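The values are calculated or read from the model by the stated rules, or taken from the named source; none is laboratory data. Everything quoted here is computed from the prediction, not taken from an experiment. Cβ coordinates were reconstructed from backbone atoms using ideal geometry, including for glycine residues, and neighbour counts include every protein chain displayed. When the accessible area is computed, the model is the full protein with side chains, heavy atoms only, and any ligands, DNA or RNA have been set aside. Shrake-Rupley method; radii C 1.70, N 1.55, O 1.52, S 1.80 Å.
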Amino acid sequence: DRSGPLEGRHVLVTAGPTHEPIDPVRYIANRSSGKQGFAIAAAAAAAGARVTLVAGPVQLETPPGVTRIDVQTARDMANAVRDALPADVAVMTAAVADWRASDVMDQKLKKRSSAPPALRLEENPDILVSLGSSDKRPALLIGFAAETENVVENARAKRERKRADWIVANDVSGGVGKSVMGGADNRVHLVTESGVEDWPEMPKDRVAARLVERIAAALEDRND
Ligand code: C5P
């Protein structure tokens, strides 16, 4: 019942932050709103794809025609992504927490008169890296890179290191007060095997529509 340039394709999208618990009431998180990822899921569904959206904790409506799986932690997200495979395309927009607390407390940590508690952290799995080297690697693997400096240079390096086909890089140096993080607009650079394109600032749903057009064209080129 779906038609469009992505008809017959399965597109997997991750979006939002992850929450890493410290105790029953506290967690480590970041300022990702999930808007860009949800916009990409919506655009892919509108283009006829079957879309699985693995979402961290966000305040957003599920786009029409999208299958949404809600998760909290990076490890939950990694499992949900693995369970959603195979996919023709994966677009990893989630701002996955780099670290989680090594020991999650069963009870709320108490304020003490002595020193504040030390938080031991350990590294979370890198979902994009795992997909890049998986035997179920999607034909087109797209990562995002939120950078505050050397945006394009870092994105190029990230593309190689994570074995992604494309990296969509954006400058988040303005923080949440500026347009990008949490805002409705985005200004991105698309880093591919053949170079870098600087896209003008535009609404996140326009970025999504344009990226989906590029995805459809790339799949057609590869003819798979
Ligand atoms: O290294 P950095 O976190 O900047 O990489 C960002 C890209 O990697 C994004 O596509 C993000 O969704 C993905 N990523 C991931 N798992 C992590 C960290 C990042 O999938 N643990």
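In this simple spin-label model, placing a label point 7 Å from the Cα along the Cα-to-Cβ direction at both Ser114 and Ile69 gives a separation of 4.3 nm. If R0 equals 41 Å, the separation of the Cβ atoms of Met105 and Asn150 corresponds to a calculated FRET efficiency of about 0.60. How large is log10 I(q)/I(0) at q = 0.24, 0.26, 0.29, 0.32 Å⁻¹ when the Debye formula is applied to the Cα atoms of the range 87-129, each weighted equally and without solvent? With no solvent term, the Cα-only Debye profile gives -0.94, -1.01, -1.10, -1.18.
Here the Karplus curve 6.51 cos²θ - 1.76 cosθ + 1.60, taken at θ = phi - 60°, turns the phi angles of the range 100-114 into couplings of 10, 5, 5, 10, 7, 6, 6, 10, 4, 4, 8, 5, 10, 6, 7 Hz, with x standing for Gly and Pro. Helical runs (DSSP H, four residues minimum) scored at -39500 (n - 2.57) apiece and divided by the length of the chain put the mean residue ellipticity at 222 nm at -8000 deg cm²/dmol. The share of accessible area on the range 71-224 that comes from carbon and sulfur is 45 percent, using a 1.4 angstrom probe. What's the FRET efficiency of Asp23 with Ser130 using the Cβ-Cβ distance as r and R₀ = 35 Å, to the nearest 0.05? Plugging the Cβ-Cβ distance into 1/(1 + (r/R0)^6) gives 0.80. Helix 151-161: angle to the longest alpha-carbon principal axis of the chain, degrees 0 to 90, nearest 10? Result, in degrees: 90. Taking N as the residue count of the range 79-224, its C-alpha radius of gyration divided by 2.2 N^0.38 Å amounts to 1.26. Between Pro203, Pro24, Pro138, find the one with the highest GNM mean-square fluctuation for the chain; connect C-alpha pairs within less than 10 Å. In this elastic network of the chain, the residue with the biggest mean-square fluctuation among Pro203, Pro24, Pro138 is Pro24. All other residues whose Cβ lies under 13 angstrom from that of Ser194 are scored, Lys and Arg at +1 and Asp and Glu at -1, for a net of -1.
Compute for the range 14-83: radius of gyration divided by Kirkwood radius, i.e. Rg/Rh, restricted to C-alpha atoms, rounded to two decimals.
The Rg/Rh ratio comes out at 1.01.
When GluC sites (Glu not before Pro) are flagged only if DSSP places them in a loop and at most 10 other Cβ atoms lie within 10 Å, the longest unflagged stretch of the chain comes out as 62-148.
For Val51, the amide hydrogen comes within under 5 Å of the amide hydrogens of Val11, Thr67, counting only partners 5 or more places away or on other chains and with H modelled in the peptide plane. Between the Cα long axis of helix 74-84 and the first principal axis of the chain there is an angle of about 30°, rounded to the nearest 10. The residues of the range 87-144 present an accessible area of 61 Å² per residue when probed at 1.4 Å with all protein chains retained.
Report, to the nearest 10°, how far helix 204-222 tilts away from the longest principal axis of the Cα atoms in the chain, using its own Cα long axis and a range of 0 to 90°. In the chain, helix 204-222 runs at an angle near 60 degrees to the longest axis.
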